[in-house]
Amino acid sequence: MSISTLRQQLLAGETTPSAILERLAGDIADHDRQIGAYLCHDLESALAEAAAANLSLPLGGIPIAIKDNINVLGQPCTCGSKFLSENYRSPYDATVIRKLRAAGAIPFGRMNMDEFAMGSSTENSALQTTRNPHDTGRIPGGSSGGSAAAVAAGSAIAALGSDTGGSIRQPASHCGVVGLKPSYGRVSRYGLVAFASSLDQIGPLTRTVEDAALILQAIAGFDPADSTSLDVPAPDYLTEINAGVKGMKLGVPREYFGGGIDPGVRKNVEEAIQRLAAQGADIIEISLPHTEHAVATYYVIAPAEASSNLARFDGIRYGHRAANPADILDLYKKSREEGFGPEVKRRIILGTYVLSSGYYDAYYGRAQKIRTLIRRDFEDAFQKVDAIVSPVAPTPARRLGAYADDPLHEYLSDIFTLSANLAGIPGISVPCGLSDFDGGRNLPTGLQILGPHLGEAKLLQIARAAELASARPA
């Protein structure tokens, strides 16, 4: 059920927070072994919180699953990596966890993910494989694949994920749920294990747009513990959520509808756009001319920041420590060799290279300049339109292992989501139909809606209209 439906039942006395948790725990025991979304869950601690739940609060008594790169006091935080899976326990609550608890929610369950959020399929997790509930032979997307799969499977009511280049929106699209990436700075990153600090953002994965708004309302806002957090009041995201799209101008970027898009994805997205037009939106073709450089730009900037952020994992302060090193340098080398998986090593090496003497200006410096051009593309577009609509991903969920020997192909699958992170703007994925792909049938596809910086309220309003239009019979 959605958060709003469960809240009605809680307030009416038809259920209790403890009963909801026990039902979820039963669903996890019965069904999650086929999906592999949960790494662990602590029912006893959650039930203790449920016993003291204040049902008058906006999320009172609602369990929220947590991606395993967000710290919750006393719980594991493995980041999907062997490096942190042995003995690390979080010594504090992330700001978003503190805010969820202040709104009455109960953090419940640690969700599988690509190692250190580096991936688009959750296949890069060192701990287990997560499968798409719509077809267990396919990926759920990533890196927040466990969060999306659990919400889609009904073993989580809602979840938090993180989005560095599409890691909330793409798995939401593949699993047929709602996924919201807020503007950079809107939600505190304090307590999120950093991948790329100028790109990372925490956001919700939910069953409905209204649920996404409820969670964003709880976690948004300034945090002095995060130097990138913006001291700008968050509006009430629910006030205008049902106001519709009449009179709005929605931009359709021609660069997002070129070659390489699966015909079923194109059809579903175009039909979703037409449904918005039927509700009174004005559809305008626009151009985002630097889109073709987004993948290359991202895969210079993100690995560069990752190579710096992951330097703290050295086998000394916490995490995996190699046995019997010859000296301190050998300890560093062996601990990182044994603790990190192939994709993490690949990105650390790439990031270290582009930051190295003689290559910094040629790669990292140039990528930052192109990033500025991409941001200006969006700024220019939002002078003409209220929001931008596009596909989330070029195809529905692919088969597990299809790109095992082709990481570049995997990187290219993020072409429609990366630019929003580079520009720092908000984006949301809303289910927009089912498609057949590569032998699979009835696979979810998503409509992506992008808005100007700090424009989440209008984004949610458009997403709600798209959601309601999709739910109506043709």
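Residues of region 144-164 include at least one that is buried (at least 23 other Cβ atoms within 10 Å of the Cβ), under 21 Å from A218 (Cα atoms), out of contact with any Asp or Glu (no Cβ under 8 Å at 6 or more places or on another chain) and of a type in the set (S, T, Y).
Residues that are in a helix (DSSP H, G or I) and in contact with a Leu (Cβ under 8 Å, 6 or more places away or on another chain): does region 442-459 have at least one? Show your work before the answer.
Here is the first cut: in region 442-459, the residues in a helix (DSSP H, G or I) are 456-459.
Of the ones still in play, those that are also in contact with a Leu (Cβ under 8 Å, 6 or more places away or on another chain) are 456, 459.
Scanning region 442-459 turns up at least one residue that is in a helix (DSSP H, G or I) and in contact with a Leu (Cβ under 8 Å, 6 or more places away or on another chain).
Select from region 345-397 the residues that are among the acidic types (D, E), modelled with pLDDT of 95 or more and assigned to a helix (DSSP H, G or I) and list them in ascending order. Once the filter is applied, which keeps residues that are among the acidic types (D, E), modelled with pLDDT of 95 or more and assigned to a helix (DSSP H, G or I), region 345-397 yields D377, E379, D380. Y363 satisfies every condition listed in (1) more than 20 Å from N124 (Cβ to Cβ); (2) free of Cβ contacts under 8 Å to residues at least 60 places away in the same chain; (3) surrounded by 13 or more Cβ atoms within 10 Å (Cβ to Cβ) except (2). Between A105, A172, the distinction of being at pLDDT 95 or above, among the small types (G, A, S), buried (at least 24 other Cβ atoms within 10 Å of the Cβ) and farther than 30 Å from V269 by Cα belongs to A105 only.
Mind telling me which of the residues S56, S81 ends up being small (G, A, S) and loosely packed, with under 15 Cβ neighbours inside 10 Å?
Working: S81 fails: loosely packed, with under 15 Cβ neighbours inside 10 Å.
The conditions single out S56.
Applying the set (1) without any contact (Cβ under 8 Å) to a residue 40 or more places away in the chain; (2) touching a Lys or Arg at 6+ places or on another chain (Cβ under 9 Å); (3) of a type outside the set (G, A, S); (4) assigned to a helix (DSSP H, G or I) to P325 leaves exactly one unmet item: (4).
Scanning region 112-129 for residues that are more than 18 Å from A194 (Cβ to Cβ) and either in contact (Cβ under 8 Å) with a residue 60 or more places away in the chain or surrounded by fewer than 24 Cβ atoms within 10 Å (Cβ to Cβ) (or both) yields a total of 8. What single numbered condition from (1) under 20 Å from G154 (Cβ atoms); (2) over 18 Å from the mean Cα position of the chain (by Cα) fails to hold for K99? With respect to (1) under 20 Å from G154 (Cβ atoms); (2) over 18 Å from the mean Cα position of the chain (by Cα), K99 is out only on (1). Of the residues making up region 351-372, those that are β-branched (V, I, T) and under 15 Å from A306 (Cα atoms) are T352, V354. Cβ separations smaller than 7 Å between residues 6+ apart or across chains give the following pairs from region 29-41 residues that are exposed (fewer than 13 other Cβ atoms within 10 Å of the Cβ) to residues that are of a type in the set (S, T, N, Q): Q34/T136. Just one residue in the set Y403, Y411 is modelled with pLDDT under 95 and in a loop (DSSP other than H, G, I, E, B); that residue is Y403.
The values are calculated or read from the model by the stated rules, or taken from the named source; none is laboratory data. Just so we're clear, the structure is a prediction, and the values are computed from it rather than from any experiment. All Cβ positions, glycine included, derive from the backbone under ideal geometry; neighbour counts span all protein chains shown.
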